[in-house]
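Here the structure comes first, spelled out in structure tokens, and everything after it is commentary.
The values are calculated or read from the model by the stated rules, or taken from the named source; none is laboratory data. The structure presented is a predicted model; accordingly, all values stated were derived computationally and were not measured. Cβ placement follows ideal geometry from the backbone for every residue including glycine, while neighbour counts extend to all protein chains displayed. Remember, those area values only see protein heavy atoms, side chains included, never the ligands or the DNA or RNA. Shrake-Rupley method; radii C 1.70, N 1.55, O 1.52, S 1.80 Å.
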Amino acid sequence: MKTLALYNIKGGVGKTSTAVNLAYLASRRGHRTLLWDLDPQAASTYVFRVKPRVKGGGERVVSRSKPIESAIKGTDFEGLDLLPADFTYRHMDLMLDDAKHPTSQLHRILEPLRDDYDLIVLDCPPSVSLVSENVLRAAGTVLSPIIPTTLSVRTLDQLTDFIADAKHRPNLLGFFSMVDRRKRLHRELVEELPLKRSDIATTTIPTQSIIEQMATHRAPVPYFAPRSLAAKRYDLLLDEALAGHPIER
Amino acid sequence: MGQHELLFGAAADPGHIFATLSTRYQVHVEPTVDGRWMCLDTADWRLHRANMTLRDSREGRRAQLVLSADGNNFTASSSRLAWPRRAEGLPASAIRDLVAPAIGVRALLPLAEVNVRSMTLRILDNDEKTRVRVRVDQQRLAGANNAPLPLRVLVTPLRGYDPDGLRCESLLTEAMTPLPGETNAAEFAMAAAGHVPGQPPVVPPHLDPNRSAVESLTDVLRHWADVIDAVRAGVLADVDIEYLHEMRTAVRATRSMLTLGGHLLPVGDSSRFADEFRWLGKLTASVRDVDVALLELEGRGELDISGIEHLEPVQAHLATRRRSALRTLRTAMESPRGRSLTGEWRDTLGKVEAPEVPDTNTRETAAEQARVAYRRIIKAAGEVHTDTPADDLHRLRRRCKRMRYLLDGYESVYAPVPHRELLGALKKLQDCLGDIQDVDVQRAELADLATSLTRRGASTDVVLAIGALRDRSLRRDTAARAKLLRQLNRFRSAETRAAVRALGADAA
């Protein structure tokens, strides 16, 4: 089982759209995939038309008093399941803090699913918190979207330092998201940053209205616009995310 | 709840399914898809006996194996797979891991092929989220028969939506009358294709104990001829090694019955066909001997081959020898003599006339023959000790086999309890004798192999490996001989003698 986390300290950078599309594409490749929507805003959950609620409350999943399997919902897409968001996840830091092993609780929660899924995708809320520490412990690879702006690139540096200080260090792969080739700064950063850092994906995700339409169609881009540039780029990004760490069943 | 199968009569209307579910849910209909599936099992129903159902399902570009075992479903790709196929030819998967031990050396055959027109209904909630998939399959048996099969409805709730699945199921069962649940779609397809799961392709005759012995003997001999004909294509196509084994059993049983009861048939016919079946039996021996040797080298036999390396050249040499022996066998079976044997034999059996006033009935004759066969075994066993030469034990083994064919052929006329007791004791004795005989054949074959491979420049490692195999087989011989005396004593016991005497008792 491989665990891929979509994480960035900053919000609104394309974490959810990437998590949804990569999870869908992985399932279409035949990998048994679970997407866990950890963000109380529940955007991934909304896209898959699932009610943003965990029966009995999300805290029971986080505290492991309720088996995680019972909270999972099947999506409309074969091989892709969803662990829906719950509004109580806004207090996830507190819930994790109550646990016996506060920094490895997510890792422990996911452990029983090892044989059920080939890939778990974590759609993380933006923050630096106990949740982030848990995500770093649980994930094998952290995919971090970066908007090609100076401030956004700075958050990648912060994340790099954060991972460097962590006990368990997942692979970090940054990728440019919401790239607008009409903007000079975007073009420059997309060209220059990979020369300075080796952990930047060659695939970039363009800013496209088709990605925004996911919320209207309530479906992943490659499902309703399979020939779109965005769909193709997400497919390439999945290749890069899995490269070197192929999924084993 | 997982996936649940409902079956309705072949005339049931798929539109009724849609209408019923629409009373409660918003239903989205996916485009209709044509496909087909095949039920797979071995010729002797090994998957059925292991409570497994295996299908090869093809739909558009999608081809997958679906195994149902212990209430769980497993899938694996079946693209580019053709049937028949042995376990080692299945794609590496959980299916292969489960199926391989169940089917052993037998090949999977497509026993029934079904054409399907499928329609999937998605059962939606208010957010237009799919909660349940309901697949409706209109099925017909493929081929000339083309019989309509029950309408198959698969209710599959998505994970986390079991209550909706149960609701759909109860809506359907309340509105329509499902067929009783004990027969599944695969079993209906098998039945339509003329198969009865678990039943051998050729069913042994049920004999009337009061009929004349001649008529029953011809029935038994006709049965063995049917078996030879039924497995003939499998032998020629080399589907799996058990076809040849079954043919050899049928040939030996025929010869054995001719020895024991041939006097009931016209003299000339009996001796002529005894020669013909001896010819056929001898032809099959070379391939079978190599098959047994290869099974041992694959670790599927009784011989412990653990830790013995460098066996590949030995296997390759045996495989070459097998190809050559199989070519010879095929040529003989395809010759006019081979092709006409069972037909002429059946014609001859058809001309045998029952005596107007039967002198002995089947039960008396079968019981007397069993007594004679038993006495012959006891006589041959009289001199047996732990060091008796293998050739002498082989004679004893042949007498045991004769009795075994008798007990199998006339099973329906013997009293059941003594038959069961006697058969149990005989089987145990046969197992020991079989082990000793196998070792004897193996030792001769291994010596022959060592000479042959040395002549071809085999390495010292290979010759040493053959030596190690020979040592192991000697150990097996010692163990089997130690058991033999114990089994002989059981066979000679007062209880077994009483069972022999009671065979002819009226079962009623």
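Here the alpha carbons of region B:317-461 define both size measures, Rg and Dmax, at 21.5, 71 Å. When its C-alpha radius of gyration is set against 2.2 N^0.38 Å (N residues), region A:28-97 gives a value of 1.09.
Along region B:488-503 the Karplus relation, 6.51 cos²θ - 1.76 cosθ + 1.60 evaluated at θ = phi - 60°, assigns HN-Hα couplings of 5, 4, 5, 5, 8, 5, 4, 5, 5, 4, 5, 5, 4, 5, 7, 4 Hz to successive residues, with x for each Gly and Pro.
Bridges between two residues of region A:93-249, per DSSP, are antiparallel at a rate of about 0%. Across region A:83-231, the relative contact order, built from alpha-carbon pairs under 8 Å that are at least six residues apart, equals 17 percent. Residue by residue along B:160-166, Cβ atoms of other protein chains within 10 Å of the local Cβ number 2 on average. Can you tell me, using C-alpha contacts under 8 Å and at least 6 residues apart, the relative contact order of chain B as a whole percent? After rounding, I find 13 percent. The accessible area of B:His195, taken with all protein chains in place and a 1.4 Å probe, comes to roughly 60 Å². Accessible area ranking (1.4 Å probe, heavy atoms, ligands and nucleic acids excluded), largest first, for B:Asp431, B:Asp477, A:Asp239: B:Asp431, A:Asp239, B:Asp477. About its Cα centre, chain B has a charge dipole of approximately 1140 debye under the convention of +1 per Lys or Arg Cβ and -1 per Asp or Glu Cβ, with nothing else charged. Per-residue shielding of B:129-140, expressed as the average number of other chain Cβ atoms within 10 Å of the residue Cβ, stands at 2.
From the residues A:Val142, A:Leu94, A:Leu130, which one has its Cα farthest along the dipole of region A:92-203 in the positive direction, the dipole being from +1 and -1 charges on Cβ of Lys/Arg and Asp/Glu about the Cα centre? In region A:92-203, that residue is A:Val142. Computed from the alpha carbon positions, the gyration tensor of region B:4-192 leads to an equivalent ellipsoid with semi-axes of 30, 18, 15 Å, biggest first. With contacts taken as Cα pairs under 8 Å and at least 6 residues apart, region B:213-502 reaches a relative contact order of 22 percent. Helices in chain B, meaning DSSP H runs of at least 4 residues, each add -39500 (n - 2.57). Divided by all residues, the mean residue ellipticity at 222 nm is -19000 deg cm²/dmol.
Any residues in region A:52-95 that have 40 Å² or more less accessible area with all protein chains than in their chain alone, probe 1.4 Å, and which are they? Those are A:Lys73, A:Gly74, A:Asp76, A:Glu78, which lose 40 Å² or more relative to the chain on its own. Counting only Cα atoms, chain A measures 51, 40, 32 Å along its principal axes, largest extent leading. Dividing the summed helix terms, -39500 (n - 2.57) for each DSSP H run of n ≥ 4, by the number of residues in chain A produces a 222 nm estimate of -11000 deg cm²/dmol to the nearest 500. Counting, for every residue in A:38-50, the Cβ atoms of other protein chains within 10 Å of its Cβ and taking the mean gives 1. Magnitude of the charge dipole for the protein assembly as shown, about its Cα centre and with charges confined to Cβ atoms of Lys, Arg (+1) and Asp, Glu (-1), is about 820 debye.
Note on region A:132-229: Rg/Rh from Cα positions, Kirkwood definition for Rh, rounded to two decimals, is 1.02.
Summing charges over neighbours of B:Ser79, with a neighbour being any other residue whose Cβ is under 11 Å away from its Cβ, gives +3 when K and R count +1 and D and E count -1. Computed about the Cα centre, the dipole magnitude for region B:4-192 is approximately 600 debye when only Lys and Arg (+1) and Asp and Glu (-1) carry charge, each at its Cβ. Accessible surface area normalised per residue over chain A is 44 Å², counting heavy atoms of protein chains with a 1.4 Å rolling probe.
To put it simply, the accessible area of region B:350-497 at a 1.4 Å probe is 48 percent carbon and sulfur. Averaging Cα coordinates gives a centre for region A:75-154 and one for region A:171-240; these two points are 21 Å apart. With all projection directions averaged, the alpha carbon convex hull of region A:1-43 covers 3.2 nm². Accessible area ranking (1.4 Å probe, heavy atoms, ligands and nucleic acids excluded), largest first, for B:Thr23, B:Thr183: B:Thr23, B:Thr183.
Around the amide H of A:Thr3, modelled in the peptide plane, lie the amide H atoms of A:Ile120, A:Gly140, A:Thr141, all under 5 Å away and 5 or more residues distant in sequence or on another chain.
R0 = 56 Å: FRET efficiency of B:Asn145 with B:Asn210, Cβ-based, nearest 0.05? Taking R0 as 56 Å, the efficiency between B:Asn145 and B:Asn210 is 0.90. Accessible surface computed residue by residue for chain B, with neighbouring protein chains in place and a 1.4 Å probe, gives 48 Å² per residue. So for chain B, taking the charge dipole from beta-carbon charges (+1 Lys/Arg, -1 Asp/Glu), which of B:Trp83, B:Ala144, B:Val220 sits furthest toward the positive end? My answer, from the dipole projection, is B:Val220.
For the peptides B:59-68, A:227-236, B:420-429, the ranking by mean Cβ contacts within 10 Å, running from highest to lowest, is B:420-429, A:227-236, B:59-68.
When the listed pairs B:Lys351/B:Lys401; A:Lys15/B:Lys129; A:Lys51/A:Lys167; B:Lys351/B:Lys427; B:Lys379/B:Lys483; A:Lys10/A:Lys167 are checked against a 26 Å cut-off, the alpha-carbon distance exceeds it for B:Lys351/B:Lys401; A:Lys51/A:Lys167; B:Lys351/B:Lys427.
If you take the charge dipole of region B:213-502 about its Cα centre, with +1 on Lys and Arg Cβ and -1 on Asp and Glu Cβ, which of B:Ala381, B:Gly338, B:Leu265 is farthest toward its positive end? Result: B:Ala381. Translational D (Stokes-Einstein, µm²/s) of chain B at 10 °C and 1.306 mPa s when Rh comes from the Kirkwood sum over C-alpha pairs? Approximately 59 µm²/s, per Stokes-Einstein. Of the solvent-accessible surface of region A:37-117, computed with a 1.4 Å probe and all protein chains present, 50% belongs to carbon and sulfur. Accessible surface ranking for A:Arg187, B:Arg300, B:Arg24, 1.4 angstrom probe, highest first: B:Arg24, B:Arg300, A:Arg187.
With no solvent and one point on each alpha carbon, what is the Debye value of log10 I(q)/I(0) for region B:110-240 at q = 0.13, 0.20 Å⁻¹? Computed log10 I(q)/I(0) values: -0.77, -1.18. Between the amide H of B:Arg159 and those of A:Gly74, distances stay under 5 Å, these residues lying 5 or more places away or on another chain, with hydrogens modeled in the peptide plane.
Each chain gives up part of its surface: A and B jointly bury about 1100 Å² of accessible area, both sides summed, for a 1.4 Å probe. Give the Debye-formula value of log10 I(q)/I(0) at each listed q (0.13, 0.14, 0.17 Å⁻¹), with one equal scatterer per alpha carbon of region B:213-502, two decimals each. Rounded to two decimals, the profile gives -1.01, -1.13, -1.38.
Judged by the gyration tensor of its Cα atoms, with axes a ≥ b ≥ c, the protein assembly as shown is prolate; a/c meets the 1.5 cut and a/b is the larger of a/b and b/c.
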